[in-house]
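Step one of this worksheet: look at the structure below.
The values are calculated or read from the model by the stated rules, or taken from the named source; none is laboratory data. Small disclaimer: the values here were computed from a predicted structure and weren't measured. As a convention, Cβ positions derive from the backbone with ideal geometry for all residues, glycine included, and neighbour counts pool all protein chains shown.
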Amino acid sequence: MIFDYIVTKIDGEYAYLKRLDCDDEIFIALALLPENTDIGTKLHWENFEYSIIK
């Protein structure tokens, strides 16, 4: 499965991610996301790995 997200909120060590194709939202530890992830960052998830969409 492949999903694209946008970071909507950062709360301590966790980021809230909203899927771009629906209204699903998840939260995940910042340590699992690419370096320099911030609010508004778009992320691509594939093969259990996140990458920043430029």
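Numbers below:
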read-out	value
Which listed residue, of Tyr16, Tyr50, is touching a His at 6+ places or on another chain (Cβ under 8 Å) and surrounded by 14 or more Cβ atoms within 10 Å (Cβ to Cβ)	Tyr50
Residues within segment 20-54 that are free of Cβ contacts under 8 Å to residues at least 24 places away in the same chain and either among the acidic types (Asp, Glu) or on the phi > 0 side of the Ramachandran plot (or both), tallied	9
Positions within segment 1-33 being under 17 Å from Phe48 (Cα atoms) and either modelled with pLDDT under 95 or in a loop (DSSP other than H, G, I, E, B) (or both), in sequence order	Met1, Leu33
Counted residues, segment 8-32 - those being charged (D, E, K, R), closer than 14 Å to Leu43 by Cα and over 9 Å from the mean Cα position of the chain (by Cα)	3
